[in-house]
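The values are calculated or read from the model by the stated rules, or taken from the named source; none is laboratory data. Treat the numbers as computed from the prediction; the structure is a model and nothing was measured. When we count neighbours, we look across all protein chains shown, and the Cβ atoms used for this are built from the backbone with ideal geometry, even at glycine.
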């Protein structure tokens, strides 16, 4: 609002051209603050213009100070008509609040990470949280989080493993949805369907809100599917490991030993692998195991190449047999 807008609004209020709601707000404010009346009609045209000029200058001056200044009203004003003074005071505090808000609010500078198609990327945020960003996705995040909360913005798909901090909630903004956690692991996907946002939890508990409305609290192997068009949602039970399988990369075996390959498989599939013959550990080979291949499919190929076999023992550990390599 500029100078001319302020003058027009003050004149409109004095002439009784404001709405009933505006009048109720002003008069309620007058009662609560106990401001004195002002006799606007006793001022001539020159004095009125001068008063409005002074009011506008005071508002602008106050915006540059640490403490608010008082507006000094003309000495000729009395206690008969308070409507104009109330309006002016309200405008003063409204402008003062806006100016102080602008002066104190410093938006965080965000770093935007764009991941191209056919690529994935993993990053570590300043709080220690790990994020895997899927192809054709964008994550915006600050270099460091503030003292009250940790906020990031997602377009596309990402898997979050959030560092626990009970004093600073971690918030992911996706369209109108806000996903809030303290420390947990979850996946958010908007890639496959432009009209939907799908949130899946693998560990901990997640609160999902649409604006100010909390639409669900989801736990491991639970999923919320939210429609961005009609703001309807559904809660599902899912296999979270299958949902986040995209974050796992292909396994690259580049001139490594059978023992090293076994260590990679143990880490990927969370299973124990043992060799009955120490010589098998020294066998070397190269190859790629695609991420969508099962453990058995990978072992069948590796064992065939190294002239070995495998089986599961009673505790479901994998035992590898064979003559080994010289």
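Provide a single number: the residues in the stretch 220-261 that are under 30 Å from residue 276 (Cα atoms), part of a loop (DSSP other than H, G, I, E, B) and in contact with a strand residue (DSSP E or B) (Cβ under 6 Å, 6 or more places away or on another chain). Please lay out each step first, then the result.
Initially, the stretch 220-261 is screened for residues under 30 Å from residue 276 (Cα atoms), giving 248-261.
With part of a loop (DSSP other than H, G, I, E, B) added as a condition, the list becomes 248-250.
Next, only the ones that are in contact with a strand residue (DSSP E or B) (Cβ under 6 Å, 6 or more places away or on another chain) stay: 250.
So the count comes out to 1.
State yes or no: is residue 193 in the same structural domain as residue 161 (by TED's automatic domain parsing), part of a loop (DSSP other than H, G, I, E, B), at pLDDT below 85 and under 18 Å from residue 155 (Cβ atoms)? First the steps, then the outcome.
Numbers: in the same structural domain as residue 161 (by TED's automatic domain parsing): yes; part of a loop (DSSP other than H, G, I, E, B): yes; at pLDDT below 85: yes; under 18 Å from residue 155 (Cβ atoms): yes.
Taking the combined requirement at face value, the residue satisfies it.
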Inset, instruction - Considering (1) within 38 Å of the chain's Cα centre (by Cα); (2) exposed (fewer than 12 other Cβ atoms within 10 Å of the Cβ), say which one residue 255 fails and leave the rest. - result: (1)
Legend entry - Residues of the stretch 115-161 that turn out to be farther than 16 Å from residue 188 by Cα and either in contact (Cβ under 8 Å) with a residue 24 or more places away in the chain or buried (at least 16 other Cβ atoms within 10 Å of the Cβ) (or both), as a count: 8
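Hey, any hits in the stretch 287-294 for a residue that's crowded, with 16+ Cβ neighbours inside 10 Å, in contact with a helix residue (DSSP H, G or I) (Cβ under 7 Å, 6 or more places away or on another chain) and at pLDDT 85 or above? Before you say what the answer is, go through the steps one by one.
Taking the stretch 287-294 and keeping what is crowded, with 16+ Cβ neighbours inside 10 Å, we get 289.
Within this subset, residues satisfying the condition of being in contact with a helix residue (DSSP H, G or I) (Cβ under 7 Å, 6 or more places away or on another chain) are 289.
Okay, now just the ones that are also at pLDDT 85 or above, so none.
Scanning the stretch 287-294 turns up no residue that is crowded, with 16+ Cβ neighbours inside 10 Å, in contact with a helix residue (DSSP H, G or I) (Cβ under 7 Å, 6 or more places away or on another chain) and at pLDDT 85 or above.
When you check residue 275 against the structure, is it in contact with a helix residue (DSSP H, G or I) (Cβ under 7 Å, 6 or more places away or on another chain), outside the structural domain of residue 199 (by TED's automatic domain parsing) and at pLDDT below 85, yes or no? Walk me through it before giving the result.
Values: in contact with a helix residue (DSSP H, G or I) (Cβ under 7 Å, 6 or more places away or on another chain): yes; outside the structural domain of residue 199 (by TED's automatic domain parsing): yes; at pLDDT below 85: no.
Criteria not met by residue 275.
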